[in-house]
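Shown next, in structure tokens, is the structure this report addresses.
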């Protein structure tokens, strides 16, 4: 969308328009839906650039922090649940062996 606009030439002058000029001209023709789409794209680009490539942070942990999820408490609860299920299977296996 914007990339195609940047390739167009400005009538008169040096033949090249600056990016802000082309963007202003193009955005001026947008209806409400197209403006919403542009704003969404801009906000997604901003969040993509804020995430450092050099950072080794876990993407899921960052999302959990953003949405105020207590990941440690959730991890402990899930581990406890899996341990209980594992213990149940162990007890069932032992009762099968003693019954046979």
Inside segment 1-53, can you point out the residues that are at pLDDT below 55, surrounded by 10 or more Cβ atoms within 10 Å (Cβ to Cβ) and not in a loop (DSSP other than H, G, I, E, B)?
2, 5, 6
When (1) surrounded by 10 or more Cβ atoms within 10 Å (Cβ to Cβ); (2) in a helix (DSSP H, G or I); (3) at pLDDT below 90 are applied to residue 97, the one that fails is (1)
Can you tell me which residue is modelled with the lowest pLDDT among those in segment 54-71 that are in a helix (DSSP H, G or I) and loosely packed, with under 10 Cβ neighbours inside 10 Å?
59
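The values are calculated or read from the model by the stated rules, or taken from the named source; none is laboratory data. None of these values were measured; they are calculated from a predicted model. Glycine gets a Cβ as well: all are built from the backbone with ideal geometry, and neighbour counts include every protein chain shown.
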